[in-house]
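Below you'll find the structure I mean.
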Amino acid sequence: MSIYTEKQTQQLIDAYLKNPCLETVSRLSVDFNRPKKSIISKLVKEGVYQTTGYRDKRGEVPITKLAIVRKMEVLLGLNLMGFDKT
């Protein structure tokens, strides 16, 4: 059983899709008197929430181990099979 009515769910979806960002989630949490996590959870369940993706402490997308290994393979001209496992 959901704590949101169908009408509230549609209002959440419509408002979020107009401006999909955390500020919208914050405003919706105030409007609906619910925690931000509850709003995000409902939007995830409805399949509309968009994550910003992981960023490092500088705000940049981190380089993966696989990308580093592939770059080393190109630079060294070697096949580093086994090093790309996480």
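The values are calculated or read from the model by the stated rules, or taken from the named source; none is laboratory data. Only a predicted model underlies this, so the values are computations on that prediction, with no experimental measurement involved. Reconstructed Cβ throughout: ideal geometry from the backbone, glycine too, with neighbour counts over all protein chains shown. For the accessible areas, the whole protein counts, side chains as well, though only heavy atoms, and no ligand, DNA or RNA atoms are used. Shrake-Rupley method; radii C 1.70, N 1.55, O 1.52, S 1.80 Å.
Provide the FRET efficiency to the nearest 0.05 for the GLU60-ILE13 pair, computing r from the beta carbons and using R0 = 35 Å. Provide the component values of the computation, followed by the final result.
Values: r = 31 Å, r/R0 = 0.89.
Efficiency at R0 = 35 Å is approximately 0.65.
Tell me, how many Å apart are the Cα centres for region 38-86 and for region 19-36?
If you average the Cα positions of each part, the centres end up 28 Å apart.
Taking all protein chains as present, what is the carbon and sulfur share of the accessible area of the chain, in % to the nearest whole number, probe 1.4 Å? Write out the running numbers ahead of the final one.
Values: 4040 of 7060 Å².
The computed percentage sits at 57.
Calculate for the chain the 222 nm mean residue ellipticity that helices alone would give, adding -39,500 (n - 2.57) per DSSP H run of length 4 or more and normalising by residue count, nearest 500 deg cm²/dmol.
Details: 4 runs with 45 residues, N = 86.
Here the helix-only value at 222 nm equals -16000 deg cm²/dmol.
Determine the principal axes of the Cα atoms in the chain, then give the extent along each, sorted from largest to smallest and rounded to whole angstroms.
The principal-axis extents, from largest down, are 60, 29, 20 Å.
Could you state the angle between the C-alpha long axis of helix 6-18 and the longest principal axis of the C-alpha atoms of the chain, as a value from 0 to 90 degrees rounded to the nearest 10?
So the helix axis and the longest Cα principal axis differ by about 50 degrees.
What are the lysines whose alpha-carbon lies under 20 Å from the alpha-carbon of LYS37, with same-chain residues fewer than 8 places away excluded?
LYS7, LYS18, LYS45
Compute the angle between helix 65-76 and the longest alpha-carbon principal axis of the chain, please, reported from 0 to 90 degrees and rounded to the nearest 10.
30
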